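Data first, discussion second: the structure below is written as structure tokens.
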Amino acid sequence: MRIRRCAVLWLEPREVAHFELEDLLKGGTGVVGEMRWHAHAPHLPEPLPVDAQDAAWLGEFSPSDWMDGDRARERIGAARLEAWLRAGLLIGDGDDFAERRQADERFRAQHWHGLASVWHAASRWEGLDAAGEVAEAGMDSAQGLRAKFGAPPPALHDRGEAAQRIALPRVARTPLDDLFDARSSCRNFDTARALPQAPFAHVLERVFGARGQVRAADDFDVLKKTSPSGGALHPTEAYLIVRRVEGVAPGLYHYRAGDHALQPLPSPQDLDRFAWLAVAGQQWFADAHVLIALAPRFARNYWKYRNHAKAYRVAILDVGHLSQSLFLTATEFGLGAFVTAAINEVDIERAFGLTGYVDGPLAVCGFGLRANKMATSEFDPNRKIWPRAGR
Ligand SMILES: Cc1cc2nc3c(=O)[nH]c(=O)nc-3n(C[C@H](O)[C@H](O)[C@H](O)COP(=O)(O)O)c2cc1C
């Protein structure tokens, strides 16, 4: 068997703190910092602690050129070689650990920029109740944040001399201004009523549907949508958690942008729990009638922007545009909408059958009927949404 390194590996010199009684007895705080190497790779469930010698050895393996297996065994020892093959840090071209090699080959075929792939992997959560943790830390209110962190940088930013400023004319308002003013993140959905099918379908069609298609070259189709997309590649897929929509069974779906249809997918038994988990414990968003995981197919973007340092940024920006289009469309229909990046990516991927580095969710948005009472706070300083009595 021949050996080479996995496609992307980043060695982080990380400071790890631990408690030492001896330090406390000597008058210290008891908390002692220690430098340890951690091996990051986009396919690892979490970074692998390694020692300094391991770090140096890992640096000897090429990600492209194969090394003879016997030589590798002699160099780092049989146990370490097997552990790293098992973890997928090293890849063998034989029958053992073949699934690791296949995953590595699949990863290479996506054309990720190395650092972006490590960042993407490191920012994914699993099973986290972020809302609970934020509340416990007293950081779920402006007062709590201010007390903990002091004052933030000011909301308005001054540059240069006041005397040099050029006052600009105010233009007359148009209906679009009213639409923008009514846009507000909804944290109070009506859990007693179902969303009619017409606005449900209309939001999906306007935000995610294809409005035109051009054959740019052989086997290269380009879609026109309401949001811009880097390279016109529109890599982002919409994966739906339908909770309460008339005529649509609760469950998971993939939205088909070309023919404006829903593809049913196997659904978890406890959909309430999965919706809660998807938005990391934020019940105010889990209550939405429809939640949508926005998951780029990275290879569609990176096909053009190969191993490109800006490409992941472009994928994130695309998702942001889609969320604003969804906000404005929902607002026009009198619906509430939201977007959040505080999501459990790993749980979402598992449920929808996705692979993080192939087609992973970057955000979850959602929409539905607003409740008549505000239980969770919203940001509505101009009173465009609340109070809702009489609507
Ligand atoms: C990328 C992004 C992530 C957000 N994540 C959360 C979130 O995790 N939880 C939440 O309650 N609101 C979230 N929000 C909503 C913001 O808190 C909200 O936009 C802000 O308070 C301003 O309110 P407005 O949208 O009503 O103008 C997010 C917004 C954006 C754009």
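The values are calculated or read from the model by the stated rules, or taken from the named source; none is laboratory data. Bear in mind the structure is a predicted one, so any value in this text is a computation, not a measurement. All Cβ positions, even for glycine, are placed from backbone atoms using ideal geometry, and neighbour counts span all protein chains on display. To get the accessible areas, we keep the full protein, side chains included, count just its heavy atoms, and leave off ligands, DNA and RNA. Shrake-Rupley method; radii C 1.70, N 1.55, O 1.52, S 1.80 Å.
Here is how the numbers come out for the structure above:
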item: Among (1) over 24 Å from L291 (Cβ atoms); (2) at pLDDT 95 or above; (3) not in a strand (DSSP E or B), the one test that V171 misses; result: (2)
item: Selection status of L81, open to solvent by less than 70 Å² (accessible area, probe 1.4 Å), modelled with pLDDT of 95 or more and touching a Gly at 6+ places or on another chain (Cβ under 6 Å); result: no
item: Any hit, region 119-138, residues being more than 22 Å from the chain's Cα centre (by Cα) and open to solvent by less than 100 Å² (accessible area, probe 1.4 Å); result: yes
item: Yes/no for R187 being crowded, with 16+ Cβ neighbours inside 10 Å, within 16 Å of the ligand (Cβ to nearest atom) and outside the structural domain of A39 (by TED's automatic domain parsing); result: yes
item: The lone exception for L145 - which of (1) surrounded by 14 or more Cβ atoms within 10 Å (Cβ to Cβ); (2) touching a strand residue (DSSP E or B) at 6+ places or on another chain (Cβ under 8 Å); (3) part of a helix (DSSP H, G or I) it fails; result: (2)
item: Filtered residue count, region 13-50, keeping only those that are surrounded by fewer than 17 Cβ atoms within 10 Å (Cβ to Cβ) and either touching a Gly at 6+ places or on another chain (Cβ under 6 Å) or part of a loop (DSSP other than H, G, I, E, B) (or both); result: 13
item: Condition broken by F274, with the remaining ones in (1) more than 16 Å from the ligand (Cβ to nearest atom); (2) open to solvent by 50 Å² or more (accessible area, probe 1.4 Å); (3) part of a helix (DSSP H, G or I) satisfied; result: (2)
item: Cross-chain or 6+ apart pairs with Cβ under 7 Å, region 185-196 first and among the aliphatic types (A, V, I, L, M), then modelled with pLDDT under 95 and more than 13 Å from the ligand (Cβ to nearest atom); result: none
item: Any chance A163 is surrounded by fewer than 10 Cβ atoms within 10 Å (Cβ to Cβ) and modelled with pLDDT of 95 or more; result: yes
item: Strands (runs of 3 or more DSSP E) wholly inside region 200-262 containing at least 1 residues that are without any contact (Cβ under 8 Å) to a residue 12 or more places away in the chain and surrounded by fewer than 16 Cβ atoms within 10 Å (Cβ to Cβ); result: 212-217, 220-224
item: Test result for D70, acidic (D, E) and either closer than 20 Å to D96 by Cβ or open to solvent by less than 40 Å² (accessible area, probe 1.4 Å) (or both); result: yes
